[in-house]
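Below is one structure, written out as C-alpha cells; the observations come after it.
Bear in mind that the values in this text are calculations on the coordinates, not laboratory data. Remember, it's a predicted structure, so these values are computed and weren't measured experimentally. Ideal geometry is used to build each Cβ from the backbone, glycine not excepted, and the neighbour counts take in all protein chains shown.
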C-alpha cells in the first residue's frame, strides 16, 4: 500500500480509537475495518496475518468487555434496566448538550433509576459503582483497539 493509503488507514484507526472513548462511532469496528481494508490492499501473507490477529483481539476484547464488567454489575446488584436507562439518558443528553451531554445523561439515567430502587442515600454510591464498571468496559475495548493499532503499526513499519 502506498504511504498516503497507510496514512488514511491510520487516521481511520485513530478515529475508531476516539470512537471507543466517545461513543459516537462504533470504534472497534472502525479499527478492525481499517485493518481489513489495509490487508485487502496489501494482499500479502503479512497483511492477512495482521488482520487475523486483529480479528482475534477484537473478538476477545469484545467478549471480555461484557463478561468482566457484567460480573461486577451483577455482584453489585445492578439491574439491566439501570444500564438501559443510562443508555437512554446518554442519547437524550447527547442531543440536549452535544458530546459532553452523553456523559451527563448517562450518569443522570443511572442515578434516577438507582434513586427509585434504593432511595436517595444509596443512589450515588450505586451510580459510582455502575459508572466504574462501564468505564472498565470502555477501558477493555480501548485496550483491544490499541493492541490492534500496535500490531498494524508494527506491520507497516517493519513488514
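Angle check, please: helix 45-76 long axis (alpha carbons) against the longest principal axis of the chain (alpha carbons), in degrees 0 to 90, nearest 10.
10 degrees
Could you please state, rounded to a whole Å, how far the C-alpha centre of the range 1-55 is from the C-alpha centre of the range 134-159?
After rounding, the separation between the Cα centres reads 10 Å.
Rank by packing, highest mean first: peptides 120-133, 1-14, with packing defined as the count of other Cβ atoms within 10 Å averaged across residues. Each step should come with its number before you reach the end.
Working: 120-133: 16.1, 1-14: 14.6.
Final packing ranking: 120-133, 1-14.
Give the whole-number value, in cubic angstrom per residue, of the convex hull volume spanned by the C-alpha atoms of the chain.
Numbers: hull volume 15.9 nm³, N = 159.
Dividing the Cα hull volume of the chain by its residues yields 100 Å³.
What distance in nm separates the simple spin-label points at residue 88 and residue 62, each placed 7 Å from Cα in the Cβ direction?
According to this spin-label approximation, the distance is 2.7 nm.
Along the Cα-to-Cβ line of residue 14, 7 Å from the Cα, sits a label point; which residues in the range 21-40 have backbone N less than 19 Å from it?
What the label zone holds, given the 19 Å backbone N cut-off, is 21-38.
Nearest 10 degrees is fine. How inclined is helix 3-21 to the longest principal axis of the chain, computing both from alpha carbons?
The angle comes out at about 10 degrees.
Which value in nm describes the separation of the simple spin-label points at residue 120 and residue 135, placed 7 Å from the Cα toward the beta carbon?
So the two model labels end up 2.6 nm from each other.
When the chain is fully extended, how far beyond the present Cα-Cα distance does residue 4 get from residue 128, taking 0.36 nm per residue of separation?
Details: separation 124, 0.36 × 124 = 44.64 nm, distance 4.41 nm.
Once the chain is fully extended between residue 4 and residue 128, it gains 40.2 nm.
How large is the helix-only mean residue ellipticity at 222 nm for the chain, computed as the sum of -39500 (n - 2.57) over DSSP H runs with n ≥ 4, divided by its residue count, in deg cm²/dmol to the nearest 500?
That comes out to -31500 deg cm²/dmol.
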